[in-house]
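The structure appears below as structure tokens.
Every number here is computed from the coordinates shown, using simple stated rules; none is lab data. Just so you know, these numbers come straight off a predicted model, no measurement behind them. Cβ placement follows ideal geometry from the backbone for every residue including glycine, while neighbour counts extend to all protein chains displayed.
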Amino acid sequence: MLIGVAQKPAEGQTLCGDAFTIVPRGRLTLVALADGLGHGPEAERAARSFCSHAQATADLPLETILTSAE
């Protein structure tokens, strides 16, 4: 599987509120994309938080991963 991503902070920002994680799960692969609302550090923190959550819960059903995110 070939996956490509591109990220770019909003103009005037140094951090990007978009994040991704790719977690191999045996024959399956969990690909999670997150868009933290807004710009800058808070958006980056929110997006990274979700990606960390997705990594930690990757073996759970997709619905559980999504509904258990904080």
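Structure notes:
- Angle between the chain longest axis and helix 40-56 axis [Cα atoms, degrees, rounded to 10]: 10
- Calculation over all alpha carbon pairs of the chain in 10 angstrom steps from 0 returns a P(r) of 21, 47, 26, 6, 0 percent.
- Rounded FRET efficiency, nearest 0.05, which uses the C-beta distance separating Leu62 from Ala6 and R0 of 25 Å: 0.55
- Contact order, relative form, for the chain: 27 percent (alpha carbon pairs under 8 Å, 6 or more residues apart, mean separation divided by residue count).
- Here the Karplus curve 6.51 cos²θ - 1.76 cosθ + 1.60, taken at θ = phi - 60°, turns the phi angles of region 59-66 into couplings of 7, 8, x, 3, 4, 5, 4, 5 Hz, with x standing for Gly and Pro.
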